[in-house]
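Heads up, the thing below is written out as structure tokens.
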Amino acid sequence: MIEERVARLSPAPPGPVFSRAAVVASCAGFVLIGALQALYGPAIPAFRAEFGLSPSAAGLGLSAHFVGGVAGVLLFDRLYGRVGNRRILGSSYLLMAVGAGGFALAPDWPTALAAALLAGFGFGGIDYGLNQLFAVGFGHRSTAMLNILNAHFGIGAILGPAVIGAVGSEHYPAVFLAFALANLPLLLCLGGVQSHVPAPAGERAGGGAVLGRSLGSVLAVFVVLYVLHVGVEAGVGGWEPTHLETVGYSAGVAATATSVYWLMMTVGRFLVAPLALRFSAQAIITVSCAGMTVCLLAATVPALAPYAYAGVGLFIAPVFPTGLPWLNRAAPRARRAGALVIAASMVGGVAAGPALGKAIEWSGVRAVPLLLCGVSALCLAATLWLIRGTRSR
């Protein structure tokens, strides 16, 4: 039922997982990882000029960052529960700072790629570590807090390119270095993070959620949902300007509309936070997937396209942070489930570009919203399957 109340993930651990200062520092950390990820694209003209790169070679900077991110998620997942949370987060902040600083000061492109890989490693550890801790650390408020946390990622993603635009891409080393140094004060707030958090109740008891489907099937469909929805997110962000120009809008309008899309993703996560205290994760994600499917269908109409893409940003915003508490509740025994879907979301972001590009070669740019609408419909189908698959017998 749509107005179903949110069930608690697990009993609250003894004592808060985060102090207030640590919550603020965690949100600042997500601003930094959002900014770092978004800095590479606007700096590409400067990379090419400084190192004499082709467009594809310059694009390897972001690819190296994502590869490092996936590796960081998987490694720090293996350490989660064995090494204290403060050490995991502290190591991640240091790795990201050293990597971003190394990228700024790199004398050649291979060294810069190695530094981007290292920065991505720390990025993955922060992304995984904070998402995992927020998912279990706030009881019934975890979904709301995860949306607030991930909204700050969006703030960073908007802030990073704005800074590059203000100072000029040729000054990208100074920007990367400034963001690297901004990581260091966050280390002082790690004392407010509980070093060891008790496992969810189902895991401690050796049991798990009673599922209508096998655990393996449920995890597989969660992974599919995350890969597909990040594919839609990256697909709109990458191809919206090209599609809008193709259907008659100016380059300036297309760029502005794309900025509005990313802004709406950030706004959507703040807006859903109070709703997450009243409605279930299943209800929120169902409405989100249905809404973005309808908006992408509306984007096939040129007159509606800029507004429809903004709607996609609003509806897709809650899917990533809202799905994690649902996953933890549905599969408390699957300790690595969170790492699996976070890593899958990064892989989805990397794979979306080439896959969508190949489909567009066959169908033309005007088909972009229709292609993404089909992917979004699959997200909705996966969500409905999961509602049935995670329903208690």
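A few remarks follow.
- Qualifying residue in region 302-313 (condition: closer than 15 Å to Glu240 by Cβ, hydroxyl-bearing (Ser, Thr, Tyr), touching a residue at least 24 places away in the same chain (Cβ under 8 Å) and out of contact with any strand residue (DSSP E or B) (no Cβ under 7 Å at 6 or more places or on another chain)): yes
- Residue within region 146-155 that is open to solvent by less than 40 Å² (accessible area, probe 1.4 Å) and aromatic (Phe, Trp, Tyr) present: no
- Contacts under 8 angstrom Cβ, first residue in region 78-93 being closer than 20 Å to Ala337 by Cα, partner of a type in the set (S, T, N, Q) and surrounded by fewer than 16 Cβ atoms within 10 Å (Cβ to Cβ), 6 or more apart: Gly84/Ser195; Asn85/Ser195
- Residue check, Ala100 at pLDDT 90 or above and either more than 22 Å from the chain's Cα centre (by Cα) or not in a loop (DSSP other than H, G, I, E, B) (or both): yes
- Inter-residue pairs, beta-carbon under 7 Å, first over 18 Å from Phe270 (Cβ atoms) and among the small types (Gly, Ala, Ser) and in region 3-30, second open to solvent by 30 Å² or more (accessible area, probe 1.4 Å) and at pLDDT 50 or above, 6+ apart: Ala7/Arg329; Gly15/Gln194; Ala21/Cys189; Ala22/Cys189; Ala25/Cys189
- Among the helices (runs of 4 or more DSSP H) confined to region 193-308, the ones with at least 3 residues that are at pLDDT 90 or above, crowded, with 17+ Cβ neighbours inside 10 Å and among the polar types (S, T, N, Q) are located at 281-298.
- Residues of region 114-142 classified as assigned to a helix (DSSP H, G or I), open to solvent by 10 Å² or more (accessible area, probe 1.4 Å), at pLDDT below 90 and closer than 22 Å to Tyr80 by Cβ, total: 4
The values are calculated or read from the model by the stated rules, or taken from the named source; none is laboratory data. As the structure is a prediction and not an experimental result, all values here were calculated from the model. Note that we place each Cβ from the backbone using ideal geometry, even for glycine, and neighbour counts take in every protein chain shown. The area values use the complete protein model at the heavy-atom level, side chains included, leaving out ligands, DNA and RNA. Shrake-Rupley method; radii C 1.70, N 1.55, O 1.52, S 1.80 Å.
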